[in-house]
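Quick notes on the structure that follows.
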Amino acid sequence: MTARTKLDSLESLLSTREVIIACGPGGVGKTTTAAAVAAVAAANVGGNVLVVTVDPAKRLADALGIKGIGNKVKKVPKSVFTDAGVEPRGTLSAAMLDTKESWDALIDQHAPDEETKAKILANPLYQNITGRFIQSHDYIAMERLYDLHASGKWDLIVVDTPPTRNALDFLDAPERMADFFSSRLLRWLITPSRSSLVGLATRPFTQIADRILGTQFLADITEFFLSLESMYGGFVERANAVQQLLGDERTSFLIVSTSETVPLREAEFFAEELAKRNLDIGAVVMNKVLPTSLSNPAVNDLAQEFIDQREVISDHLSHLLKTDGARLRRVLTIISESFDDFAVVARREALSRDRFSRGDAALIPIPFFDHDIHDMAGLLELGHSMMGRKN
């Protein structure tokens, strides 16, 4: 593996990576940030860009101006950009992971024949695993990412992950799947049906298991894994390929957080876990950051003078505004005290950002927006802000 490009901005990240995985605590604007990154990449950098969410939230589709987003990739109409006043250099598409559909497609792709495929798809255990188990969701999300990247259709794929602790399951799912298909447990499950001798030896256990779990349940397990046996090698090979993609120089992680204590601590924990896995942190996004002017000594001196002279100021303004001087002094006092409070928070945020700065990763502050981001114009405004540009 060659040395990674040292990054100093979001634009350099978008220009040098093929996969960007947005991760971080819940409630910090991660989904919106991922969509904004993808939108601004399509608008400014160019190429075919895809944003994929593994979170079942539907906000992404609404912001991108498309309806019925699901497992099938859907292209964002160019008019969505032009209506926002931008002529995009590239294209933007979106998809939301449907676990069941993705598993069915995987079986269809790797089953050795139609009979095996039909057995697996009809098996009750398969239907439960693919429809309900969260680990199934984690693994198939990584499989889908691998397929999308391997297709060669996309110059950049931006992935929105679940909140931090669940994102670790997302990262580790391929390795766990490879371990499972190579495990003694799996061999133990299928061997009794292949050997009458072993079947006789395990009969006491299976009789007890029959009474507890039911004969049909054990039959479903055996049939399921026997049907999958012809695909074990493929599953292990693909799981290893997914792991390699995560560690590839073309893949980076985008950690999204705020400067609040709890989200920041969780983001730092995730950064440490990425480092343990030798995975690249391309950028750290600090959302809802207060203006740096609040930490400016000259601004603070001016604010202090405002506080010191508030009686003179209120007397002058009360005359101009023809209002009660005492009431105006109370308002000015509240304003000055609020400024002090915000200035303290701004200084703490600056210290947090400095503490969280990590090696070659770009540190990207996002200002506190006074309006909701719910459409392409808002996403581009957010994306341009991250790039250090005015919309």
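With respect to residue 253, is the statement that it is modelled with pLDDT under 90 and either assigned to a strand (DSSP E or B) or assigned by TED's automatic domain parsing to the domain that holds residue 27 (or both) true? Taking the combined requirement at face value, the residue does not satisfy it. Restrict the check to segment 349-366 and report whether at least one residue is farther than 30 Å from residue 265 by Cα and part of a helix (DSSP H, G or I). No: zero hits.
Considering only residues that are modelled with pLDDT of 80 or more and crowded, with 19+ Cβ neighbours inside 10 Å, look in segment 348-365 and name the one that is nearest to residue 291 (Cα to Cα). The selected residue is 365. Of all residues in segment 294-341, those satisfying the criterion of being among the small types (Gly, Ala, Ser) and under 30 Å from residue 367 (Cα atoms) are 295, 298, 303, 336, 338.
Looking only at residues of segment 21-49 that are at pLDDT 95 or above, buried (at least 24 other Cβ atoms within 10 Å of the Cβ) and of a type outside the set (Gly, Ala, Ser), we find that the one that is nearest to residue 80 (Cα to Cα) is 40.
Residue check: is residue 302 in a helix (DSSP H, G or I), at pLDDT below 85 and within 30 Å of residue 24 (Cβ to Cβ)? Considered against the rule, which asks whether it is in a helix (DSSP H, G or I), at pLDDT below 85 and within 30 Å of residue 24 (Cβ to Cβ), residue 302 comes out as no.
What about residue 181, is it of a type in the set (Phe, Trp, Tyr) and either at pLDDT 60 or above or under 15 Å from residue 246 (Cα atoms) (or both)? Yes; evaluated as a whole, the condition is true for this residue.
Is one or more of the residues making up segment 270-283 of a type in the set (Val, Ile, Thr), touching a residue at least 24 places away in the same chain (Cβ under 8 Å), out of contact with any Lys or Arg (no Cβ under 8 Å at 6 or more places or on another chain) and closer than 23 Å to residue 159 by Cβ? No, every residue in segment 270-283 fails to be of a type in the set (Val, Ile, Thr), touching a residue at least 24 places away in the same chain (Cβ under 8 Å), out of contact with any Lys or Arg (no Cβ under 8 Å at 6 or more places or on another chain) and closer than 23 Å to residue 159 by Cβ. Listed by first and then second residue, the pairs with beta-carbon distance under 8 Å, at least 6 apart or on different chains, first residue in segment 33-51 and more than 14 Å from residue 153 (Cα to Cα), second outside any strand (DSSP E or B) and hydroxyl-bearing (Ser, Thr, Tyr), are 45/15.
Filtered by the rule that a residue be part of a helix (DSSP H, G or I) and modelled with pLDDT under 80, segment 321-335 gives 321, 325.
Checking the structure you have, find out if any residue of segment 88-98 is more than 20 Å from the chain's Cα centre (by Cα) and part of a loop (DSSP other than H, G, I, E, B). The answer is yes, given that some residue of segment 88-98 is more than 20 Å from the chain's Cα centre (by Cα) and part of a loop (DSSP other than H, G, I, E, B).
The values are calculated or read from the model by the stated rules, or taken from the named source; none is laboratory data. The shown structure was predicted, so the numbers you read here are calculated from the model rather than taken from an experiment. Every residue, glycine among them, receives a Cβ derived from its backbone with ideal geometry; neighbour counts consider all protein chains shown.
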